[in-house]
Amino acid sequence: MKGLLRRIHRYLGLTLAALWCIQAVTGILMVFHWELGDAPLSQPNMRVDAGLFAARVDDLRLADARWTVDSVYPTGGNSGHFDVFLSNASGQTDSIRIDGEGRVLKREPVDYDYRRAGLLRAATGLHQSLFAGHKGRLIVGASGLVLLGNLILGIRLAWPRLNQWRGVLRVPHGLRGTTRLYAWHRALGLWFAIPALVVVIAGCCLAFDDAWDDLLGTGKLPAVLAAAPVANTRHITTAQALQSAIHEFPRARIAGIVLPRATAPWFQVRLLQPGELRRVFGTTSVFVSAATGAVLARQDALHAGHARRFVDSFYAIHTGEAGGIIGRIVSLGVGFWLAGVLTLGIILWQRRRASGR
């Protein structure tokens, strides 16, 4: 039985090694990609002037009829910097980076022309969806589930007896060749087993977050929004919507704005309250009527039900944000660890195959 499990572990790893290595390397880039993306701008952290910032968003909404402003989110690097996301009729998305006083810093593509968008944009698209949208997310999630099973299988095969732990977790100096490679593969696998399982499980859940929302009923919008008045030619400004939202949660920071659409005539203002697991993209939401400026509904992340808080935790755990800077470093380490054990496993298989074992 142990021989069969070892073969399953080996050939699952060989079959999906390329995809898992891609996920590991792009995951390494993504842990601190917010800071890396803001670094070339050499802009200091700054306060947010809600009036100037929101006025720039409204200017961009009217600047070019070919592009529609869909949403605004913090960059996650320097505080007080935001990305305004715009889409066109071809389904392409651009982002315009502005600071907290509404100054435009740069514009770049998001989901096309990756040579101009840059390495970090490409790594994000590859890691999350393999550049294939929702279908790509499902493939990533499915491969994550297989990876999870293979990790558990590897841990089961490497698990030593109680009195052997000390010898297994270190590699003796006298070992050579294939034996030394195997010892490193086994030791590394056990060293990071627990954090790797946590990160992979959270990543799998994140890939299937829509399914979790359907299962737990956490993805439903507040019922009161169905009666929201339609905004015709006259509607409130983004600044007014922000003012209404911040009034509900005065201690919160801006974590995103979803602009009104014909089918959703309201602003969804996302806020980050002190105490949320998220570092930047808080999940507290205030829904403000685009027609009247009235608050239609609010979702308080700190007082949400257990199901909502469970689903909201996926992102924070997978990226390590839930553990602060230490958690993010651990998540970074898991990426290096996965790339390392996969590389050792492939080299080990090649040497054994060459020797006929």
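The values are calculated or read from the model by the stated rules, or taken from the named source; none is laboratory data. Computed from a prediction, not measured in an experiment: that's the story for all the values here. We place every Cβ from the backbone using ideal geometry, glycine too, and count neighbours over all the protein chains shown. Accessible surface areas use protein heavy atoms only, side chains included; no ligands, DNA or RNA. Shrake-Rupley method; radii C 1.70, N 1.55, O 1.52, S 1.80 Å.
For region 67-80, check the following and say yes or no: at least one residue is over 17 Å from L259 (Cβ atoms), open to solvent by less than 20 Å² (accessible area, probe 1.4 Å) and either in contact (Cβ under 8 Å) with a residue 60 or more places away in the chain or touching a Pro at 6+ places or on another chain (Cβ under 8 Å) (or both). Checked region 67-80: at least one residue is over 17 Å from L259 (Cβ atoms), open to solvent by less than 20 Å² (accessible area, probe 1.4 Å) and either in contact (Cβ under 8 Å) with a residue 60 or more places away in the chain or touching a Pro at 6+ places or on another chain (Cβ under 8 Å) (or both). Looking only at region 304-322, residues that are hydrophobic (A, V, I, L, M, F, W, C) and open to solvent by less than 40 Å² (accessible area, probe 1.4 Å) come to 5 in all. Take the conditions within 24 Å of the chain's Cα centre (by Cα) and in contact (Cβ under 8 Å) with a residue 60 or more places away in the chain and apply them to P40. Does it pass? No. Being without any contact (Cβ under 8 Å) to a residue 60 or more places away in the chain, buried (at least 16 other Cβ atoms within 10 Å of the Cβ) and in contact with a Gly (Cβ under 9 Å, 6 or more places away or on another chain) narrows it down to one of L271, L277, so name that one. Within the list L271, L277, the selection yields L271.
Here's the yes/no breakdown for (1) under 28 Å from W184 (Cα atoms); (2) part of a helix (DSSP H, G or I); (3) aromatic (F, W, Y); (4) touching a Ser or Thr at 6+ places or on another chain (Cβ under 9 Å):
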position	(1), (2), (3), (4)
D312	no, yes, no, yes
A316	no, yes, no, no
A322	no, yes, no, yes
S331	yes, yes, no, yes
G340	yes, yes, no, no
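Per-residue answers, yes or no, for (1) open to solvent by 10 Å² or more (accessible area, probe 1.4 Å); (2) closer than 21 Å to S87 by Cβ; (3) touching a residue at least 40 places away in the same chain (Cβ under 8 Å):
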position: A245; (1), (2), (3): no, no, yes
position: E248; (1), (2), (3): yes, no, yes
position: A252; (1), (2), (3): yes, no, no
position: A255; (1), (2), (3): no, yes, yes
position: V258; (1), (2), (3): yes, yes, yes
position: T263; (1), (2), (3): yes, yes, no
position: V295; (1), (2), (3): yes, no, yes
position: L302; (1), (2), (3): yes, no, no
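At pLDDT below 90 and either under 30 Å from G320 (Cβ atoms) or open to solvent by less than 50 Å² (accessible area, probe 1.4 Å) (or both) - does that describe any residue in region 196-216? Among the residues of region 196-216, not one is at pLDDT below 90 and either under 30 Å from G320 (Cβ atoms) or open to solvent by less than 50 Å² (accessible area, probe 1.4 Å) (or both), which makes the answer no.
Taking the criterion of being closer than 20 Å to R279 by Cα, assigned to a helix (DSSP H, G or I) and open to solvent by 70 Å² or more (accessible area, probe 1.4 Å), the only residue of region 33-57 that qualifies is L36. Selection over region 58-95 of residues that are assigned to a loop (DSSP other than H, G, I, E, B), out of contact with any helix residue (DSSP H, G or I) (no Cβ under 8 Å at 6 or more places or on another chain) and among the small types (G, A, S) gives a count of 6. Please find, within region 143-165, the residue that is surrounded by the fewest Cβ atoms within 10 Å (Cβ to Cβ) out of those that are in a helix (DSSP H, G or I) and without any contact (Cβ under 8 Å) to a residue 12 or more places away in the chain. The residue in question is L162. Among the residues of region 323-342, those identified as touching a residue at least 60 places away in the same chain (Cβ under 8 Å) and either among the polar types (S, T, N, Q) or open to solvent by less than 30 Å² (accessible area, probe 1.4 Å) (or both) are R328, S331, G333, V334, G335, W337, L338, A339, G340, V341, L342.
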